[in-house]
Amino acid sequence: MDPLHNTQPGMPESEAAAEARRLIDEWASKPVQHHPTSFRDDTEPPAFGTTPPVKQEDHRIVPAWAAGIAVASIGVGAGVTGIGCGAWLVLQGLSSVTLNSVLMVTLPFAGLAMAATAIGGAISKARAAVAKNVYEGPVTHHTEIHNNSTTRGAFFARTRNDIH
């Protein structure tokens, strides 16, 4: 589309130029919005009495990693507190230990161990084979050992024995 040779019906060029000038002048008449980066209050505080509060905008953004570390530290603190309370309870219980209480606590374990030993002994005796082999005739036993020993290395030496 050629803007210089407009064939569509619309606003004449002189009216368009006047409208453009009006819009530019309207925009230029507005004050520029500046965003200050600091503020200094030069008013003198009162010599006595209370000072009225001054509103201070707060737009802090906490990074995700910092929030994660904060939550993790709270969790670790709570966990350590729980462990400490558990240790305190265990130590309180151990401080009131008597010989009778120790015997009563360990008696079931000793009974289970004794029963397991008796059952194991019975099973081992039952599995032992009762066989009487009577050999008639001469028995010869011939053993030949060939030992090839090789050592490799100096500091971390490795010796290999091949017995045939």
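The values are calculated or read from the model by the stated rules, or taken from the named source; none is laboratory data. These figures come from a predicted structure and were not determined experimentally. Neighbour counts run over all protein chains shown; Cβ positions are idealised from the backbone, glycine included. To get the accessible areas, we keep the full protein, side chains included, count just its heavy atoms, and leave off ligands, DNA and RNA. Shrake-Rupley method; radii C 1.70, N 1.55, O 1.52, S 1.80 Å.
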Residue list for the stretch 91-103, restricted to those being outside any loop (DSSP other than H, G, I, E, B) and either exposed (fewer than 10 other Cβ atoms within 10 Å of the Cβ) or not hydrophobic (A, V, I, L, M, F, W, C) (or both): 91, 92, 93, 94, 95, 99, 100, 101
Of the candidates 67, 72, 126, 157, the one satisfying the condition of being aliphatic (A, V, I, L, M), at pLDDT 90 or above and open to solvent by less than 90 Å² (accessible area, probe 1.4 Å) is 72
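Each row is one residue, and each column tells you yes or no for (1) more than 30 Å from residue 38 (Cβ to Cβ); (2) among the hydrophobic types (A, V, I, L, M, F, W, C).
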position	(1), (2)
62	no, yes
65	no, yes
70	no, yes
79	yes, no
87	yes, yes
92	yes, no
104	yes, yes
109	yes, yes
